[in-house]
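Contents: one structure, followed by commentary.
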Amino acid sequence: MASDLDTLNNRTDVKELFTDAGFAGAEAAGACKNHRVGQKVSAIKGRKSRKPGLEQFRTAEDEKGEPVSITCPHSIDGEIRKMSKSGRYTAGFDSKVCEGCPFSDQCPARPLKKKNLRVLRFTSDNIRVAAQRQQVSRSGKEVLNKRASIESTVRSVIHPFGGHLCKLPVRGKARITSLMVLSAAMVNIRRITGYLCPDNLSTAPVTGCMT
């Protein structure tokens, strides 16, 4: 996707992409950011943790993409410090403020022994995944529904040739391209007919519906 986004952006002026979990990696996110394309994923790979994570926190970034502020789920602000190693950060929370929190034992910010601080350590990649998890929780079903309609279109195009097996009766890039274009055109014709003639789809001629 990252390599195809250059030509896709030039041909379609794309502003938003809907993808599944297979396109939720750092390379895809970086390509979308460079092209200023919004990406919405329907799911995130990996087992979901039962414990609160960074996705429960609210973070803000500057123009360079560096985190500048962080707030815990219970509206307690923390102080972010950049570590010497690139892409690593810590967020410190006042332990005295956190003492009254009923969820302090579940908080991913761990208390320090010699300072009145609770510290949360994270990376820029953690922030990216947390933002994706927040997006999935807000609009995951909506994205999944959009993807389902797209997948049905792909199935309609390749179904006559064995579905995902794609046993095409021709060989060669030019012939395969022509076959797929014609198959997609036929799908469009059937759907246009169904839209214009919903009551007699099987017998009505397309030209008659259009007139």
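The values are calculated or read from the model by the stated rules, or taken from the named source; none is laboratory data. None of these values were measured; they are calculated from a predicted model. Neighbour counts run over all protein chains shown; Cβ positions are idealised from the backbone, glycine included.
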Problem - Residue ID - farthest from His159 (Cα to Cα), chosen from residues in segment 170-185 that are out of contact with any helix residue (DSSP H, G or I) (no Cβ under 7 Å at 6 or more places or on another chain) and surrounded by 13 or more Cβ atoms within 10 Å (Cβ to Cβ) - result: Ile176
Practice task
Confirm whether Ser152 is within 30 Å of Ala60 (Cβ to Cβ), of a type outside the set (Lys, Arg) and not in a strand (DSSP E or B).
Solution key: no
Practice task
Name every residue in segment 65-86 that is part of a loop (DSSP other than H, G, I, E, B) and on the phi < 0 side of the Ramachandran plot, in order of residue number.
Solution key: Glu66, Cys72, Pro73, His74, Ile76, Met83, Ser84, Lys85, Ser86
Handout entry: Condition met for Ser137 (among the hydroxyl-bearing types (Ser, Thr, Tyr) and surrounded by 16 or more Cβ atoms within 10 Å (Cβ to Cβ))
Key = no
Problem - Those residues of segment 44-64 which are surrounded by fewer than 15 Cβ atoms within 10 Å (Cβ to Cβ), in a loop (DSSP other than H, G, I, E, B) and either under 18 Å from the mean Cα position of the chain (by Cα) or in contact (Cβ under 8 Å) with a residue 60 or more places away in the chain (or both), in sequence order - result: Lys45, Gly46, Arg47, Lys48
Exercise for the section: Scan segment 25-37 and report the pairs whose first residue is without any contact (Cβ under 8 Å) to a residue 60 or more places away in the chain and whose second residue is hydroxyl-bearing (Ser, Thr, Tyr) and in a loop (DSSP other than H, G, I, E, B), with Cβ atoms within less than 9 Å and a gap of 6+ or a chain change. Expected result: Ala31/Ser3
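Does segment 72-94 contain any residue that is among the hydroxyl-bearing types (Ser, Thr, Tyr), closer than 19 Å to Ala26 by Cβ and outside the structural domain of Lys15 (by TED's automatic domain parsing)?
yes
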Exercise for the section: Kindly indicate the residue of segment 100-118 that is modelled with pLDDT under 85 and surrounded by 14 or more Cβ atoms within 10 Å (Cβ to Cβ) and also farthest from Tyr89 (Cα to Cα) among those meeting that condition. Expected result: Cys101
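For every residue, the table says whether it meets (1) outside the structural domain of Asp20 (by TED's automatic domain parsing); (2) assigned to a helix (DSSP H, G or I); (3) more than 17 Å from Ile76 (Cα to Cα).
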{"residue": "Gly100", "(1), (2), (3)": "yes, no, no"}
{"residue": "Lys113", "(1), (2), (3)": "yes, no, yes"}
{"residue": "Asp125", "(1), (2), (3)": "yes, yes, yes"}
{"residue": "Gln134", "(1), (2), (3)": "yes, yes, yes"}
Practice task
Examine segment 119-134 for a residue that is in contact (Cβ under 8 Å) with a residue 12 or more places away in the chain, surrounded by 13 or more Cβ atoms within 10 Å (Cβ to Cβ), more than 21 Å from Lys51 (Cβ to Cβ) and under 30 Å from the mean Cα position of the chain (by Cα), and state whether such a residue exists.
Solution key: yes
Handout entry: Residue satisfying all of: in segment 75-85; under 17 Å from Val119 (Cβ atoms) and out of contact with any strand residue (DSSP E or B) (no Cβ under 8 Å at 6 or more places or on another chain); surrounded by the fewest Cβ atoms within 10 Å (Cβ to Cβ) among these
Key = Ser84
Problem - Checklist (1) over 16 Å from Ala130 (Cβ atoms); (2) modelled with pLDDT of 85 or more applied to Asp6, failing item - result: (2)
